[in-house]
Every structure is written in structure tokens, then in C-alpha cells.
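The structure appears right after this line, and notes come after that.
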Amino acid sequence: MVKIRIKVNGIEKEVDVRPNETLVELLRNRFHLRSVKASCYRGECGTCTVILNGKLVKSCLVLASELDGAEVWTLEGISQFKEGELMQKAFIESFGFQCGFCTPAFVLTGYWIAKYMPEATEEDIKEILNSLVCRCTGYKQIIEAIKLGLKYCKEAKS
């Protein structure tokens, strides 16, 4: 076991992790954060996407033992911020979801875009969404939801 200190959704935690334990396993099984989905375990679908030290990452590809001192945000955590709330509202209003399995990763990605790329174009959004798979929809509503969320976030800052 390896002891790490990690900040998850703004809360400092100290935990012993197995050398082969992934971040998705730590978040879901030990911290009970269910928005982070475990699906392909190969980094292909993106349902396990989180914000790690300010970057979007697929948590199934990250070993928890390498995260001492790291900061992680999930959908549960970003919900406390205005941008997170507004992005969720935009997804609801734009019908940017189908079954909901992948929706947390898309909303989190929309939040990340609003925070780090507030002037993102539709092409920027499409490029970023390339790393996420939705099996139920054609992405049109998801893209529209993120664009609407960006609009809401800009209006909230005015």
C-alpha cells in the first residue's frame, strides 16, 4: 500500500492505495463518487473523465499511487460552482442527454471548457468532445448544450 494525500472536490483526503489501483476505482469504490463511470477501462470511451490538476483526463488510465498532492474534480464537486450549475441547466434545456450514462463526463467537459476556454468555437468543442463516446445520440444536442452553457456563463460574468 502507498499513502497519498489528494484533494477531491476541494476536500483534502489521505488514503492508502494499492500500487495497481486506478483513479476511477479510488473515486467510485472508496470515495463513492458515482458520476465517474467505469466502462471500457482502456481510455477509449471517456465516461471516467475527471479534471486532474486542471486537465481533462481519463481516470481509468491514471494510477492512484502517482497522485500524491494532486487535485481532482468530478461532477459532484463542480456542481457547487456557478459554471457547473449553468452547464447542467444548459444540458437539461438542450436535451443534451439520452440514457445519462455518459452525461456526467460531457457536463464536466462543458464546465472545463467554460472555465479554461470560455471563447471556444464550435470546432474547438467538437475537437475536445472527440475523446468522449455517447452511444445514444448524434452529439448535436450535446454540442448545443455546451454552447448554451458557455453563453450562460458569459452572461453570468457580465
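Work out, step by step, the length gained on full extension between TYR116 and ARG5: first 0.36 nm times the residue separation, then minus their alpha carbon distance; give nm to one decimal.
Here the segment from TYR116 to ARG5 would lengthen by 37.4 nm.
Heavy atoms only, probe 1.4 Å: what % of the accessible area of the stretch 1-69 goes to carbon and sulfur, would you let me know?
In the stretch 1-69, the share of accessible area belonging to carbon and sulfur is 46 percent.
Quick check for you: with a 1.4 Å probe and neighbouring chains kept, what is the accessible area per residue of the chain, in Å²?
51 Å²
Can you list the lysines whose alpha carbon is less than 16 Å from that of LYS3, not counting same-chain residues fewer than 8 positions off?
By straight Cα distance, LYS3 reaches LYS13.
Starting from 0.36 nm per residue, how many nanometres of slack lie between PHE101 and LYS154 once their C-alpha separation is accounted for?
16.3 nm
Suppose only helical runs count, i.e. DSSP H with n ≥ 4. What mean residue ellipticity at 222 nm does that imply for the chain under -39500 (n - 2.57) per run, divided by all residues and rounded to the nearest 500 deg cm²/dmol?
Roughly -11000 deg cm²/dmol at 222 nm, from the helical runs in the chain.
How far, in nm, would the chain grow between GLU123 and GLU93 when pulled straight, counting 0.36 nm per residue and subtracting the alpha carbon separation?
Gain in length upon complete extension: 8.6 nm.
What lysines sit close enough to LYS115 to cross-link, taking a C-alpha to C-alpha distance under 23 Å and skipping anything fewer than 8 places away on the same chain?
LYS7, LYS37, LYS55, LYS58, LYS82, LYS89, LYS126, LYS140, LYS147, LYS151, LYS154, LYS157
Would you mind checking the radius of gyration and Dmax of the chain based on alpha-carbon positions, in Å?
15.4, 49
Could you check the spin-label model distance between ASN29 and LYS55? Points 7 Å from the Cα along Cα→Cβ, value in nm.
Placing both labels 7 Å beyond Cα along the Cβ direction yields 2.5 nm.
Between helix 82-93 and the chain, what is the angle of the helix's C-alpha long axis to the longest principal axis, kept within 0 to 90° and rounded to the nearest 10?
For 82-93 against the chain, the angle is about 60 degrees.
The values are calculated or read from the model by the stated rules, or taken from the named source; none is laboratory data. None of the values given here were measured: they were computed from a predicted structure. No Cβ is skipped: glycine too gets one built from the backbone with ideal geometry, and neighbour counts run over all protein chains shown. All accessible areas refer to the heavy atoms of the entire protein, side chains included, with ligands and DNA or RNA removed. Shrake-Rupley method; radii C 1.70, N 1.55, O 1.52, S 1.80 Å.
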